[in-house]
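The values are calculated or read from the model by the stated rules, or taken from the named source; none is laboratory data. Source: prediction; values computed, not measured. Note that each Cβ is placed from the backbone with ideal geometry, even for glycine, and that neighbours are counted across all protein chains shown.
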Amino acid sequence: MDMQRFLIGLVILIVGIAWPLVSRIGLGRLPGDIVLERGGTSFYFPIVTCIIVSIVLSAIFLVVQSLTVRARLGEYVNGDEEHCVTAGRFNR
């Protein structure tokens, strides 16, 4: 539980530090992001930016997961069945 809180805090910190740098390339003001300005107040909801970030992160996690599974499968093929999580799923 403490590790999860630490990782969430770390992600929030990194996003907060990187946001000014990311907004320079236009990622914070894409067409489709909702901006409401009335009087002295404004509301900004970056819906399209959230969708793009979600797609990119999903792709990154998918690649990392597939590389991890291939590494485990390689351990199984090389005969290291004792340490392989997927040992019971595949037949030689």
Practice task
Could you pull out the residue among Ile14, Ile25, Ile8, Ile55 that is modelled with pLDDT of 90 or more and of a type in the set (Val, Ile, Thr)?
Solution key: Ile55
Practice task
Might you let me know whether the range 71-86 holds any residue that is closer than 23 Å to Val15 by Cβ, among the hydrophobic types (A, V, I, L, M, F, W, C) and modelled with pLDDT of 55 or more?
Solution key: no
Fill in the blank from the handout: Exception for Val35 within (1) of a type in the set (A, V, I, L, M, F, W, C); (2) outside any helix (DSSP H, G or I); (3) exposed (fewer than 10 other Cβ atoms within 10 Å of the Cβ) falls at (3)
